[in-house]
Structure formats: C-alpha cells, structure tokens
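Visitor: Below are the structure tokens for one structure; questions will follow.
The values are calculated or read from the model by the stated rules, or taken from the named source; none is laboratory data. Small disclaimer: the values here were computed from a predicted structure and weren't measured. Cβ placement follows ideal geometry from the backbone for every residue including glycine, while neighbour counts extend to all protein chains displayed.
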Amino acid sequence: MAESIRITTPFTEEMSRKLKAGDSVLITGTIISARDAAHKAMTEALARGEKLPVDWTNQIVYYLGPTPAKPGDPIGSCGPTTSGRMDAYTPTMLDQGIKGMVGKGSRTPEVVEAMKRNGATYFAAVGGAAALIAKSVKSYTVLAYPELGPEAVAALEVVDFPAIVVIDCEGNNFYEIGQKPYRNFDMSKI
Amino acid sequence: MRELDVKVITENVAEMCKEAAYYLPEDVYNGLKRGRETEKSEVGKIVLDQIIKNAEIAKAEDRPYCQDTGMTIVFVKLGQDLHIVGGDFTQAINDGIAKGYTEGYLRKSVVGEPLFNRVNTKNNTPGVIYTEIVPGDKLEITIAPKGFGSENKSGVKMLVPADGVKGVKKAVMEIILHASMNPCPPMVVGVGIGGTMDRAALLSKKALTRSIDERNPMPEYAKLEEELLELINSTGIGPQLGGTTSALAVNVEWGPTHIAGLPVAVTICCHAMRHSHRIL
C-alpha cells in the first residue's frame with residue numbers, strides 16, 4: 001500500500017475529487033461528530049425551514065458517539081459507528097455542503113448518487129480501534145444538541161487521524177474492490 | 001445456608017463491567033495475532049495491526065477498547081443453596097452496571113423504551129439478565145457487553161428438519177453475507193441450533209462466552225464449527241476492507257428441539273469479543 005496522503009480541513013470539493021477508493025489518508029484539522037439522533041434533529045429542522053446550528057460547508061462529518069473522557073483527556077474512546085444508519089438523512093446533509101464522511105460499513109445507492117452530485121468522499125476508520133483513534137484527537141467541543149450526550153454535535157481537533165477512502169466521488173467502492181481477490185465462496189456448492 | 005449480601009454482587013458487577021470494556025480476552029488477542037500472520041491482503045494487514053495496537057493501548061491505559069461499550073448482557077448461575085440477602089437481586093446487578101459504567105467512563109448506550117420515546121437511561125441500565133438456578137451455594141456471573149454494530153447484523157432462521165446440515169450452513173452463510181463488512185470483522189460467530197426461536201437465539205449468545213480456542217465437545221458439531229469458519233473466511237470480507245481473516249472462530253451450541261423444527265440463530269460479535277467471569 002502506498003504512503004498515506006495528508007489532508008487538512010476545510011475539505012473542499014477540489015481536494016475530494018483528487019482522492020481515489022483505496023487511498024490511505026491522515027486527516028488534520030477540525031472534523032465534526034454527528035450520529036443518529038443529531039441527523040434526525042437536523043433534517044427535521046431543515047424540513048421546518050430552520051437554519052442548522054452548524055455550517056456544514058466543506059466540513060468532514062464523523063459518525064461517532066465517544067465514551068466519556070477520563071479527567072485530563074480531551075475525549076474517551078472514539079471509533080466510528082455504522083454509517084448505514086445515517087443513510088436516510090445523508091443526501092439531505094450532503095446538499096448542506098458536507099464534502100467528507102468518516103464512518104464504517106456500506107452506504108446505499110442513494111447516498112452514492114448524492115456523493116457524486118456533490119463531489120463528496122466517504123472514508124472508513126477502522127471499526128473498533130477506538131482507543132487507538134483517540135490518540136489523534138486533541139480537543140472535543142460540543143457545538144449543538146448537548147442534551148444528546150455522546151450523540152451531540154461536536155468539533156474534534158485531530159492530528160493525523162487515520163482513515164481509508166472507501167467510496168470516492170466517482171462512486172468507486174473499495175469494499176467491493178478489496179474483497180474481490182479473496183472471494184472464493186459459492187453458496188450453490190454447499 | 002450460605003448467605004451473600006447484594007452489596008457484594010453490586011461491587012463485583014461494577015468491576016466486571018470495567019474489566020470487560022478495557023481488557024480483550026487473551027484467546028481473542030492471540031486469535032487476532034494469528035490472523036495477522038496469515039492475512040493475505042495488504043490493507044487487511046494494516047487494519048489488523050491497528051486492531052492489535054488498539055487492544056494493547058486499551059489494556060495498558062485502562063481505556064474502553066471500543067466506544068460502543070455495549071448493552072450489558074449478564075449470565076447468572078445461582079446456586080439453589082445460596083441465600084441472597086440485603087436487597088433485591090436484580091436491582092443489585094443493575095446497580096453494579098450503573099456504577100461500573102459511570103466510574104469506568106464507559107458509554108451509556110441504553111434507551112428506556114425502544115420505539116416512541118427513545119430516551120437514554122444515562123447509566124446503561126437495565127442489563128439483559130439471564131438467570132439459571134443450579135445446584136450448589138455459589139453465584140457465577142458472566143458479563144458480556146454487546147455492541148450493536150454487530151448485534152444489528154445477527155439473525156434467526158426457522159428451518160425444517162429436512163434442511164439438515166446443508167440448510168444450517170446456508171442459513172448461517174446468508175446471515176454472514178448480509179452482514180458483510182458491517183459488523184467490524186474479524187468476527188466471532190455464535191450459532192445456536194435447536195430449541196425454540198428464542199432458545200436458539202440465547203444459545204447463540206451463550207456460544208460467545210466460550211473461548212475461541214475451544215471446540216464443541218461433540219465431534220459432529222466441532223467439525224461443523226471448523227467447516228463454517230472455513231466458509232466464512234472464503235467470502236473475502238476479511239478484516240473490514242477485504243482479505244482472508246473474516247472470522248476468528250465459530251462457536252456452536254445446540255439444544256433439544258421439536259420434531260417439526262430446526263431453528264438456527266446467529267449472533268455476530270465484532271473483534272471486541274469482551275467478557276468477564278467471576279464466581280462469588
């Protein structure tokens with residue numbers, strides 16, 4: 001595997017379009033956490049014609065609900081959660097200007113279409129590597145929905161946060177590319 | 001009659017919740033190391049390196065291995081000659097969960113009601129508690145926190161006897177293929193065969209409390225475990241981004257069933273196969 005590509009935020013469409021499925025990256029800058037309840041709250045706010053509490057233009061969203069920080073630490077363990085649960089809300093959120101998403105697991109065709117339309121990239125962090133990932137987080141500041149606890153929308157200052165491009169803005173999918181050479185399974189042969 | 005105060009139960013459950021969240025069992029850690037040695041995908045090797053390093057950091061620094069510290073499943077074997085004193089037994093376990101998750105900086109991931117008003121209970125209670133009455137005067141507790149990235153990919157199939165071994169294998173593989181890379185592989189797969197729908201599901205959970213190095217004592221089931229593992233590792237799912245280490249083990253448990261039935265349940269566990277066990 002080639003050396004990691006360093007990217008910094010804000011993450012523009014121009015930067016996004018340079019990345020290809022399978023690229024290994026290290027992210028430095030600010031990324032914003034949001035997961036199930038926050039996505040629901042934000043899409044409901046948009047439906048009511050309200051302004052969102054965060055400007056998502058050129059932001060990277062991290063699907064995350066961390067453990068509480070121990071005293072003296074910026075954050076607790078903080079690996080990615082399953083992105084698919086956000087799929088119903090994602091096209092709407094991408095239209096708000098998000099250019100990068102970090103999570104784990106597959107996305108729906110509707111999300112991939114919205115990614116192509118907006119020039120957005122989907123990254124995977126290693127699922128379950130939560131204590132390791134915490135080492136790259138320098139600060140955690142709640143921006144909105146504090147009542148949601150670990151599900152609050154928060155800004156994370158990160159340095160060299162490790163991730164891999166899974167779906168690029170042309171729709172190439174590394175989950176498929178990465179599995180293919182090692183697939184030797186045929187249900188009809190059982 | 002031997003007496004055991006509920007305070008002792010609460011204290012022990014609290015400690016066990018923390019232990020389970022911080023320390024990956026040695027058999028699983030060694031399984032990951034073996035997977036790293038045999039993994040063929042270069043990206044898969046990078047992922048396994050991160051997972052192994054993560055386990056080492058979590059253990060050295062008493063930090064949760066994964067941010068999803070799970071819904072707390074508690075298996076209890078209560079000796080019938082033991083008298084629990086000083087309070088409510090179920091409450092004592094839930095008090096232990098609340099204490100452990102709060103003191104241990106674990107994430108509280110439980111909502112009190114599932115559909116209409118999903119409000120977090122803020123202390124990870126109630127746990128899912130299974131109590132079995134057994135001979136003796138001891139209390140045996142196993143804490144098995146379960147994350148929902150993998151739990152959401154688990155499933156049950158109600159087969160008929162004519163489906164046989166082939167049917168069981170196909171049912172398991174359908175669930176695994178549907179899960180694919182989503183439940184944070186390398187997975188550990190618990191399979192429950194027989195009983196009723198609910199008993200099969202429970203057996204599949206109990207299967208995950210057995211060491212990944214220990215095969216089912218019945219040779220036919222041990223062989224089934226090995227064959228299923230080989231099938232799962234031929235899917236290409238690998239350690240999340242493709243490869244040969246899709247699962248570390250398949251543990252099968254079985255139970256008596258009805259003449260007309262062959263229930264099969266699969267609980268998928270991620271690589272964070274956590275548990276803690278104590279006898280009081």
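Visitor: Going through the stretch B:233-266 one residue at a time, which ones are surrounded by fewer than 23 Cβ atoms within 10 Å (Cβ to Cβ) and either of a type in the set (D, E) or outside any loop (DSSP other than H, G, I, E, B) (or both)?
Guide: B:W254, B:G255, B:P256, B:T257, B:L262 - these are the residues of the stretch B:233-266 that are surrounded by fewer than 23 Cβ atoms within 10 Å (Cβ to Cβ) and either of a type in the set (D, E) or outside any loop (DSSP other than H, G, I, E, B) (or both).
Visitor: Something else now. Is it the case that the stretch B:169-180 has a residue that's within 28 Å of B:T69 (Cβ to Cβ), out of contact with any helix residue (DSSP H, G or I) (no Cβ under 8 Å at 6 or more places or on another chain), modelled with pLDDT of 95 or more and away from every other protein chain (no Cβ under 14 Å)?
Guide: no
Visitor: Can you confirm whether the stretch B:1-18 contains a residue that is within 9 Å of chain A (Cβ to nearest Cβ), crowded, with 19+ Cβ neighbours inside 10 Å and on the phi < 0 side of the Ramachandran plot?
Guide: no
Visitor: Has the stretch A:134-153 got any residue that is within 9 Å of chain B (Cβ to nearest Cβ) and modelled with pLDDT of 95 or more?
Guide: There is at least one residue in the stretch A:134-153 that is within 9 Å of chain B (Cβ to nearest Cβ) and modelled with pLDDT of 95 or more.
Visitor: Considering only the stretch A:82-93, I want to know if a residue exists there that is among the hydroxyl-bearing types (S, T, Y) and over 28 Å from B:N152 (Cα atoms).
Guide: No, there is no match, as no residue in the stretch A:82-93 is among the hydroxyl-bearing types (S, T, Y) and over 28 Å from B:N152 (Cα atoms).
Visitor: Check A:G103, A:G97 and return the single one that is surrounded by fewer than 17 Cβ atoms within 10 Å (Cβ to Cβ), under 14 Å from the mean Cα position of the chain (by Cα) and in contact (Cβ under 8 Å) with a residue 40 or more places away in the chain.
Guide: Every option except A:G97 fails the conditions.
Visitor: Look through A:V112, A:V165, A:V159 and report the one residue that is of a type in the set (A, V, I, L, M), surrounded by fewer than 24 Cβ atoms within 10 Å (Cβ to Cβ) and under 12 Å from the mean Cα position of the chain (by Cα).
Guide: The match here is A:V165.
Visitor: So is B:R107 of a type in the set (D, E, K, R), under 19 Å from the mean Cα position of the chain (by Cα), within 14 Å of chain A (Cβ to nearest Cβ) and surrounded by 15 or more Cβ atoms within 10 Å (Cβ to Cβ) or not?
Guide: So B:R107 passes the test.
Visitor: Another question, then. Quick one: in the stretch B:46-83, of everything that is in contact (Cβ under 8 Å) with a residue 40 or more places away in the chain, at the interface with chain A (Cβ under 9 Å from one of its Cβ atoms) and of a type in the set (D, E, K, R), which residue is surrounded by the fewest Cβ atoms within 10 Å (Cβ to Cβ)?
Guide: If we take residues in the stretch B:46-83 being in contact (Cβ under 8 Å) with a residue 40 or more places away in the chain, at the interface with chain A (Cβ under 9 Å from one of its Cβ atoms) and of a type in the set (D, E, K, R), then B:D62 is surrounded by the fewest Cβ atoms within 10 Å (Cβ to Cβ).
Visitor: Right, another one. Please go through the stretch B:109-167 and give me each residue that is among the basic types (K, R) and out of contact with any helix residue (DSSP H, G or I) (no Cβ under 9 Å at 6 or more places or on another chain), ordered by number.
Guide: Correct list: B:K138, B:K166.
Visitor: Continuing with this model, one more query. Return a yes/no flag: does the stretch A:110-126 have any residue that is within 7 Å of chain B (Cβ to nearest Cβ) and modelled with pLDDT under 95.
Guide: The answer is no, given that none of the residues of the stretch A:110-126 is within 7 Å of chain B (Cβ to nearest Cβ) and modelled with pLDDT under 95.
Visitor: Just to verify a result, which residue in the stretch A:40-76, among those that are of a type in the set (G, A, S) and farther than 20 Å from A:Y122 by Cα, is surrounded by the most Cβ atoms within 10 Å (Cβ to Cβ)?
Guide: A:G76
Visitor: Within the stretch B:110-137, track down each residue that is under 27 Å from B:I279 (Cα atoms) and within 21 Å of the chain's Cα centre (by Cα).
Guide: B:V110, B:N123, B:N124, B:T125, B:P126, B:G127, B:V128, B:I129, B:Y130, B:T131, B:E132 - these are the residues of the stretch B:110-137 that are under 27 Å from B:I279 (Cα atoms) and within 21 Å of the chain's Cα centre (by Cα).
Visitor: Next up: Restricting the stretch B:228-245 to residues that are aliphatic (A, V, I, L, M) and within 7 Å of chain A (Cβ to nearest Cβ), which is farthest from B:T267 (Cα to Cα)?
Guide: By that ranking, first place goes to B:L241.
Visitor: Report every pair of residues separated by at least 6 positions or lying on different chains whose Cβ atoms are under 8 Å apart, first residue within the stretch B:130-143 and among the small types (G, A, S), second in a strand (DSSP E or B).
Guide: B:G136/B:G79; B:G136/B:L82
Visitor: Provide a single number: the residues in the stretch A:75-109 that are more than 13 Å from chain B (Cβ to nearest Cβ) and in a loop (DSSP other than H, G, I, E, B).
Guide: Number of matching residues: 7.
Visitor: Just one of (1) surrounded by fewer than 23 Cβ atoms within 10 Å (Cβ to Cβ); (2) over 21 Å from A:K189 (Cβ atoms); (3) within 14 Å of chain A (Cβ to nearest Cβ); (4) not β-branched (V, I, T) trips up B:S211, so point out which.
Guide: Failed condition: (3).
Visitor: Which of (1) touching a residue at least 60 places away in the same chain (Cβ under 8 Å); (2) within 21 Å of B:P186 (Cβ to Cβ); (3) assigned to a helix (DSSP H, G or I) does A:V166 not meet, given it meets every other one?
Guide: All conditions pass for A:V166, except number (3).
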